[in-house]
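Following: one structure in structure tokens, then a few remarks.
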Amino acid sequence: MRVIGVEIEKKRAICFALEQDSQGSYINLTGNFSYLQIKEDQDNGEIKKFQSAIHTFFDSINPDVIAIISRQPKGRYSSSTFSFKLEGLIQCYDKVDIEFVSPRTLSAYYKKNPLSVPFDNNYQENAVKLANYLLNRLEITK
């Protein structure tokens, strides 16, 4: 089972791809791809390049599940409109339905379960937690 967790933070999408082998060991499939960033959201070339790059990454992993950590659309702690544009570009991927998981769901899960997946960069933590959560959720439903 292969999963990709995505956290959208400001102007970048942080991805973490994870697989669990038959012995229960976690395999980081992310490789050198850790995040994609767009500097100018009104530059059509940059938008198309972002979409092509992230969809190519998804194709290279061939995931069973892709999920994005949901963000607040309005209110005091609302996310930027720019981040929702990135979300839309990710959702255009047509080979796997994109799921959304709330930060509260992840927080509740990790109050009871440890994170046992190693990762290289601190900024990847939420994407790693999401990917690990997805794998464990899928194991429970088998």
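Read the figures in this text as sums done on the coordinates, not as results from a lab. It should be emphasised that the depicted structure is a prediction, and the values quoted were computed from it without experimental measurement. Positions of Cβ are backbone-derived with ideal geometry, glycine not excepted, and every protein chain shown enters the neighbour counts.
Taking 0.36 nm per residue of sequence separation and removing the Cα-Cα distance, the Thr56/Lys111 pair yields an extension gain of 16.4 nm. Between 0 and 90 degrees, the angle of helix 81-91 with respect to the longest Cα principal axis of the chain falls at about 60 degrees. Considering every Cα-Cα pair within the chain, what fraction, in whole percent, is farther apart than 27 Å? Within the chain, distances greater than 27 Å cover 18 percent of Cα pairs. Considering all C-alpha pairs of the range 91-139, those separated by over 16 Å amount to 45%.
The listed peptides 84-95, 2-13, ordered by packing as a protection proxy, come out as 2-13, 84-95 (highest mean of other Cβ atoms within 10 Å first).
Annotation: amide H of Thr30 within the under-5 Å range of Ala17, sequence separation 5 or more or interchain, hydrogens built in the peptide plane.
Provide, for the range 46-126, the number of lysine pairs with alpha carbons under 27 Å apart, each pair being eight or more places apart or on different chains. Before the final figure, lay out each step's value.
On the way: Lys48/Lys74; Lys48/Lys85; Lys48/Lys95; Lys49/Lys85; Lys49/Lys95; Lys74/Lys85; Lys74/Lys111; Lys85/Lys95.
So the count of such lysine pairs works out to 8.
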